[in-house]
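The values are calculated or read from the model by the stated rules, or taken from the named source; none is laboratory data. Just so it is clear, the structure is predicted and the values come from calculations on it, not from any experiment. Cβ atoms come from the backbone with ideal geometry, glycine included; neighbour counts cover every protein chain shown. Each accessible area value is taken on the protein alone, full model and side chains, heavy atoms only, with ligands, DNA and RNA left out. Shrake-Rupley method; radii C 1.70, N 1.55, O 1.52, S 1.80 Å.
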Amino acid sequence: MNELRRVLVVSYFFPPDPAVGGLRISKFAEYLPEFGWQPTILTAHTVDGDDPGKHVYATPYFSPWKRRQAAKPDSDAHQPFTPSLRDRTRRGRVSQATYSALRHVLPMSSVRMPDATLGWVPYAVSQGKRLLGDHSFAAIFSSAGPPSSHIVAARLQRASGLPWIADYRDLWSDNHWDTRIGVFRRVERLYERRTLRNAAMLTSVGPAWAQRLAALHDKTTEVIYNGFDPADYPAARPQVDDFVITYVGSLYYPNQMPEPFFEALSLLNDGGTAWPPNFKVRFLGTEPGTVNQLAQRYGLERWVDIAPPVPHSKSLALQALSTALLYVGWCDPAEGFISAKIFEYMGTGRPVLAVGPPGGSISEILRECGIDDLSDNPAEIAARLESWIEEFKNHRRLSPQSDRNAAAKYTRRAQTERLARLLDRVAKHDPPSS
């Protein structure tokens, strides 16, 4: 059996930190050994009291807003939809007024510069150089945001000369939700290009972003999607007695607009629809402001429930126990945003109601996997809901919607195999063609 080659993986987020950014990396770490690579993780020690385990090196970091955790998270770790670094900072030791003033003068961010995690860079570079001296690595892989991960990897690449793949979970200077004024953006783009100049290859989570990155950096850029892991879901899928539609995670309003869904519910209600017993629309880990406003505007408060974030395993269990799942697409499909939740939704086997303007890569993925395309037409959405309600009344459940065979390419294992083959390529050890 061939010996595993080592890859140094640089990611600020990694379990037991509950941030969603760590989930992608933890799955890569889990499955890479199957495909010939042993990952060594270089990350930040952001959760107190937990031993991150073998092959994981969690360094300290400096931040004026760092606060100690009041309690350890649940042992099953990463909550998939948690507040951003910006929101965590807001609830730190600095008062809201001071925070607002700092944001005005120095707009720190978790996806672009000034990077809220820059205080991690010197610690990570120092630890990374020790690891490079102690072990023989064949490649470096970094994943961002925050940009600090790429900044650390760039310095380690220069020190070692190793081939480096830079992964973009979020865009940096072209970020779609954290915008900057023109002058700042131009300066930041120059800095981003300088930081990534020695990368052998880039990867991203969708085709549109990959094209934008390839144009910006003039480098080969490949797509490694987020995905789902069948092993993460409960083995038993009990029948659902209540009609529950679940949405998981944040709503980036007004970039995501769920109004057509609420209007569709209102149309059904005004039309005298006989709702199933205990009908409920559950928003799990979603900020309540926008949801409450829309529920009040359309007179739907009695059917809308907002629940706090839960650990990842419980989130998946609640998704699997739902009658259907709600997906809200980006208002401009050309932006290329593909939320990781759509893949986890596929893994449940539950029907998905996709709301928003159709188009772009997300529409292609939905149609490929047998899921009805996005719609921002309230009447069309209402018709879909009405057919589901009738089916539920007759059978006490809804038929699975997604094509499991088509969705298999989006498993975490399949996407990790793709990463392994890219590592083979940059490390000059291409496997034979199959």
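Criterion applied to ALA166, ALA159 was being within 18 Å of ARG6 (Cα to Cα), surrounded by 24 or more Cβ atoms within 10 Å (Cβ to Cβ) and either among the small types (Gly, Ala, Ser) or in contact with a Leu (Cβ under 8 Å, 6 or more places away or on another chain) (or both), and the one residue passing it is ALA166. Exactly one residue out of LEU325, LEU374, LEU353 is under 25 Å from LYS27 (Cα atoms), modelled with pLDDT of 95 or more, open to solvent by less than 20 Å² (accessible area, probe 1.4 Å) and of a type in the set (A, V, I, L, M), and it is LEU325. Residues of the range 264-286 that are surrounded by fewer than 16 Cβ atoms within 10 Å (Cβ to Cβ) and assigned to a loop (DSSP other than H, G, I, E, B): GLY271, GLY272, ALA274, TRP275, PRO277, ASN278. Go through the range 1-41 and count every residue that is open to solvent by less than 10 Å² (accessible area, probe 1.4 Å), outside any loop (DSSP other than H, G, I, E, B) and hydroxyl-bearing (Ser, Thr, Tyr). Summing the residues that are open to solvent by less than 10 Å² (accessible area, probe 1.4 Å), outside any loop (DSSP other than H, G, I, E, B) and hydroxyl-bearing (Ser, Thr, Tyr) in the range 1-41 gives 1.
Number of residues in the range 288-320 that are part of a helix (DSSP H, G or I) and open to solvent by 60 Å² or more (accessible area, probe 1.4 Å) equals 7. When LEU423 is evaluated against the numbered criteria (1) open to solvent by 20 Å² or more (accessible area, probe 1.4 Å); (2) of a type outside the set (Gly, Ala, Ser); (3) within 30 Å of ALA138 (Cα to Cα), which criterion, by number, is the only one it fails? Result: LEU423 fails condition (1) only.
When the range 131-150 is examined, which residues are found to be under 12 Å from ILE25 (Cβ atoms) and among the small types (Gly, Ala, Ser)? SER142, SER143, ALA144, SER149 - these are the residues of the range 131-150 that are under 12 Å from ILE25 (Cβ atoms) and among the small types (Gly, Ala, Ser). Pick from ALA408, ALA340, ALA334, ALA383: which is modelled with pLDDT of 95 or more and open to solvent by 20 Å² or more (accessible area, probe 1.4 Å)? Going through ALA408, ALA340, ALA334, ALA383 in turn, the sole match is ALA383. Of all the listed residues (ALA214, ALA199), the sole one being more than 16 Å from the chain's Cα centre (by Cα) and either modelled with pLDDT under 95 or not in a helix (DSSP H, G or I) (or both) is ALA199. Residue check: ASP178 meets all listed conditions (1) at negative phi; (2) modelled with pLDDT of 90 or more; (3) of a type outside the set (Phe, Trp, Tyr) but one, namely (2). Please work out if ASP218 is open to solvent by 70 Å² or more (accessible area, probe 1.4 Å) and either on the phi > 0 side of the Ramachandran plot or in contact with a Pro (Cβ under 9 Å, 6 or more places away or on another chain) (or both). Taking the combined requirement at face value, the residue satisfies it. Per the conditions (1) open to solvent by less than 10 Å² (accessible area, probe 1.4 Å); (2) hydroxyl-bearing (Ser, Thr, Tyr); (3) modelled with pLDDT of 95 or more; (4) over 25 Å from GLU344 (Cβ atoms), the sole criterion not satisfied by SER148 is (3). A count restricted to the range 217-261 and to residues that are among the aromatic types (Phe, Trp, Tyr) and assigned to a loop (DSSP other than H, G, I, E, B) stands at 5. Of the candidates PHE243, PHE261, the single residue that is closer than 24 Å to GLY349 by Cα, out of contact with any Leu (no Cβ under 8 Å at 6 or more places or on another chain), open to solvent by less than 20 Å² (accessible area, probe 1.4 Å) and aromatic (Phe, Trp, Tyr) is PHE243.
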